[in-house]
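See structure below.
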């Protein structure tokens, strides 16, 4: 019996830099590249371990491997990885200005 991750249509490897507040790498493993779900899962897992190794000495880097039925689902459920650079409080005079900037950014991304 296969589990949900094994039968997922897509795997997404995301490398996110917390200090930069942005996604620095995104690799997609889908049916068009890997029709066999077992191979797709294996390739995505291998890439995850390679990314972990490559960034093991990096501070503030998150590496995640997600499986889902579509990239749109991943973007909806893990939207914080796709918003881009998050405004910093020091760039705005008041908390209200910061909150408005965040709201504008979310709206512009269609989230």
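The values are calculated or read from the model by the stated rules, or taken from the named source; none is laboratory data. Just so it is clear, the structure is predicted and the values come from calculations on it, not from any experiment. Here the Cβ is made from the backbone with ideal geometry for all residues, glycine too, and neighbour counts use every protein chain on show.
Residues in segment 54-82 that are touching a strand residue (DSSP E or B) at 6+ places or on another chain (Cβ under 7 Å) and closer than 18 Å to residue 17 by Cβ: 55, 60, 61, 62, 63, 64, 65, 66, 78, 81, 82.
Results for (1) without any contact (Cβ under 8 Å) to a residue 60 or more places away in the chain; (2) exposed (fewer than 12 other Cβ atoms within 10 Å of the Cβ); (3) touching a helix residue (DSSP H, G or I) at 6+ places or on another chain (Cβ under 7 Å), shown as yes or no for each residue.
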position	(1), (2), (3)
9	no, no, no
32	yes, yes, no
52	yes, no, no
58	yes, no, no
63	yes, no, yes
69	no, no, no
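Kindly indicate whether any position in segment 86-97 is surrounded by 12 or more Cβ atoms within 10 Å (Cβ to Cβ), within 18 Å of residue 16 (Cα to Cα) and either at pLDDT 80 or above or in contact with a strand residue (DSSP E or B) (Cβ under 9 Å, 6 or more places away or on another chain) (or both). Yes, that holds for at least one residue.
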